[in-house]
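The structure appears right after this line, and notes come after that.
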Amino acid sequence: MSAALALSPERLAVLLALGFFLGLAFEEYFARSKMKPPGGVRTFPLLALTGALLYALEPENGVLLLGGLAILGAWLSLYYRERLATRHNEPIGEGAPEAADARFDAGIMAPVGNILAFLIGPITLAEPLWVAVSVAVAAVLFTGARESLHALAASLGSSELVTLGKFLIIIGIVLPLVPNEPVTSLTDITPYEVWLAVVAVSTLSYASYLVQRFIAPSHGVLISAALGGLYSSTATTVVLSRRARGTASPARMQAAIVLSTAVMFLRIMAVVAVFNLPLALALLPSVAVLCLLGLAISAYLAWRGDPSADGQPEKKEEPTNPLEISTAIVFASLFIALSIAVAWARAHFGESGVFALGVLSGFTDVDPFVLSMAQGTAHATHLDVAAAAILLAAASNNILKGSYTLAFAGRQVGLKPALALFLLAAGGVLSVLFMLGRL
């Protein structure tokens, strides 16, 4: 980029505005501090302008810019050294009493803010404007979110950090390393596609867990059921059925059990759409009807519940974390096994073999079968056949959940949601017959 282009009036106006924006956030951050650090609404625009001019004068190698950054860093290091050695009376926090001879906070917000203001100038000139604006906005948001970020850090336990590390391993380390070429003639699915399926399901599961754990932890059993249905409607059904036995207000539990299955249909659509949009469109009418039917039954059960229990607090339970490396490995193994089994059944038994596998998979874990149809076999199977097999897997899974409901909740409490799940299973079978022209 030439110096003439870099020094356009529009970019100079933007860098000055961003420097002023950063300065406002900087001064608000240190508003309660007795020792005023360097920087602010006047200094930051000047720093941004200085950085931009040094870059524009020698844009090829950036020697002048690096020299200016070194001078600024040297000066800030002297300030920081003096800051660490300074003792004075400083409020420890909002509302806290002043502590005599308190050491000033050893944070590096002041040096970082000044360096960022200096660099926003050359960033504005050298990069697209959205980059500079994004950097400035992110810096201001992180600066203003001090209390909430500290509260978040305090609320996170070591187990949550370990879980986050596992998630990053799944998506950031394993996925780029696995090969994207078939390794066996038994299936044309590559290891990369297998792990991509694991990433897709793990991301959806982990996101729903985080929402349930941190954003909506006390919004009732219905929201918990909806979020639980995003990662495992079967596990959610078992948990809710156990809680429903002996409860004084079973209506909400009954509605929640059906709601988790209604949300399962949304999860199936989302997962299939990621890997095979034509198959998702073929599934859409049937899945939409089944999902709406489940939502309607859930709403009816909740509406017909005991009015005297509406104001009663619900028992809170911590959501279980669905993200484990061992779970991901088991899922990948099931995915590979079902992919090979589907290819074998299709070759030896035709459509009936694929349908039989769909029914059997519903009694274990429906997601690997759904993904095997969406990602690995749908191109070799007619869309209606693949969609019908997925609906059969969901139907058999609903029969399993209905049986779980009767077993864990008891006949008195579990009969209504179990009948609803059996009705959804029957609806899935009718959808298959209609899709295949048997009706």
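Surface calculation, 1.4 Å probe, protein heavy atoms: Ser431 sits at approximately 20 Å² accessible.
For the stretch 402-411, 3J(HN,Hα) computed residue by residue from phi via the Karplus equation (6.51, -1.76, 1.60; θ = phi - 60°) reads x, 5, 4, 4, 5, 6, 8, 8, x, 5 Hz, glycine and proline entered as x. Here r is the Cβ-Cβ distance between Val112 and Phe363 and R0 is 51 Å; the resulting FRET efficiency, rounded to 0.05, is 0.35.
Rolling a 1.4 Å probe over the protein heavy atoms leaves Thr236 with an accessible area of roughly 20 Å².
If I stretch the segment between Leu284 and Glu60 completely, what's the gain in nm (0.36 nm per residue apart, minus their alpha carbon distance), one decimal?
Details: separation 224, 0.36 × 224 = 80.64 nm, distance 5.52 nm.
Full-extension gain reported as 75.1 nm.
The phi torsions of the stretch 110-118, fed into the Karplus equation with coefficients 6.51, -1.76 and 1.60 and a -60° offset, translate into couplings of 5, x, 4, x, 5, 5, 5, 4, 5 Hz, rounded to whole numbers, with Gly and Pro shown as x. At a probe radius of 1.4 angstrom, the accessible area of the stretch 17-59 per residue rounds to 50 square angstrom.
For the stretch 70-80, 3J(HN,Hα) computed residue by residue from phi via the Karplus equation (6.51, -1.76, 1.60; θ = phi - 60°) reads 5, 5, 4, x, 5, 5, 5, 5, 5, 4, 5 Hz, glycine and proline entered as x. Note on Ser8/Glu181: beta-carbon distance plugged into 1/(1 + (r/R0)^6) with R0 of 51 Å gives a FRET efficiency of 0.60.
Between rounded, prolate and oblate, where does the stretch 10-73 land on the alpha carbon gyration tensor, with a ≥ b ≥ c its root eigenvalues, rounded for a/c under 1.5, else prolate if a/b exceeds b/c? Oblate shape, in that a/c is at least 1.5 and b/c is the bigger or equal ratio. Here each label is just a point 7 Å from Cα along the line to Cβ, and for Leu141 and Ala235 those points are 2.9 nm apart. Seen from Ala17, the other residues with C-beta closer than 15 Å to its C-beta sum to a net charge of +1, counting Lys and Arg as +1 and Asp and Glu as -1. For the peptides 296-302, 46-52, the ranking by packing is 46-52, 296-302, with the highest mean count of neighbouring Cβ atoms within 10 Å listed first. In the stretch 407-439, which residues have a backbone nitrogen under 16 Å from the label point lying 7 Å from Arg304's Cα in the Cα-to-Cβ direction? From the stretch 407-439, the list is 412-424.
Please express the Cα-Cα pair-distance distribution P(r) of the stretch 356-439 as a list of whole percents, one per 5 Å bin, running from 0 to the bin with the greatest distance. Cα pair-distance distribution for the stretch 356-439, in percent: 3, 17, 21, 21, 16, 10, 6, 3, 1, 0.
The values are calculated or read from the model by the stated rules, or taken from the named source; none is laboratory data. Values in this document were obtained by computation on a predicted structure and should not be read as measured data. Backbone-built Cβ (ideal geometry, glycine too); neighbour counts: all protein chains shown. SASA here: full protein model, heavy atoms, side chains in, ligands and nucleic acids out. Shrake-Rupley method; radii C 1.70, N 1.55, O 1.52, S 1.80 Å.
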